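The values are calculated or read from the model by the stated rules, or taken from the named source; none is laboratory data. Note that the structure is predicted; figures quoted are calculated from it, not measured. Cβ placement follows ideal geometry from the backbone for every residue including glycine, while neighbour counts extend to all protein chains displayed.
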Amino acid sequence: MKKIESININKKFSKFDKLWTPHIIGELNNQYVKLCKLKDDFVWHKHDDEDELFMVFKGTLLMDFRDGRTVEVGEGEILIIPKGVEHRPRTNGEIVYNLLFEPKSTAHTGDTKSELTVNKQNWI
């Protein structure tokens with residue numbers, strides 16, 4: 001049986017500095033739990049087959065949508081992006097600490113390839 005123990009999210013955030021690079025901290029029901037530090041603008045993308053859940057631990061995440069709307073996600077709040085919805089995460093220049101829940105099959109930048117795309121996500 002796998003050892004069951006708590007995960008200190010703040011300690012996990014202290015283990016990395018690279019921006020827009022998700023790090024896996026757990027898995028359940030064929031999904032990964034990931035941490036990521038975000039700053040400035042990411043790329044427009046969508047995930048055709050997976051929903052995403054963003055939870056902000058520190059800072060304010062701004063999520064842009066193609067219809068011109070921007071949703072602000074503050075500390076302690078979540079935002080769920082349904083599959084197929086094009087979106088662009090960004091910040092107002094501060095570093096945002098973000099937790100993601102998403103299926104293991106989720107590609108980092110979905111259907112978009114860019115210099116920010118991370119193909120291999122590591123456990124911390």
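Of the numbered criteria (1) of a type outside the set (S, T, Y); (2) under 16 Å from N98 (Cβ atoms); (3) surrounded by fewer than 17 Cβ atoms within 10 Å (Cβ to Cβ); (4) touching a residue at least 40 places away in the same chain (Cβ under 8 Å), the one N30 fails is (2).
The residue list L35, L62 contains one member that is buried (at least 19 other Cβ atoms within 10 Å of the Cβ), part of a strand (DSSP E or B) and in contact with a Lys or Arg (Cβ under 7 Å, 6 or more places away or on another chain), which is L35. Looking only at residues in the range 11-27 that are assigned to a helix (DSSP H, G or I) and either among the aromatic types (F, W, Y) or without any contact (Cβ under 8 Å) to a residue 40 or more places away in the chain (or both), the one that is surrounded by the fewest Cβ atoms within 10 Å (Cβ to Cβ) is K11. Out of contact with any helix residue (DSSP H, G or I) (no Cβ under 6 Å at 6 or more places or on another chain), at pLDDT below 90, surrounded by fewer than 16 Cβ atoms within 10 Å (Cβ to Cβ) and not charged (D, E, K, R): is that true of L116 in this structure? Answer is yes for this residue.
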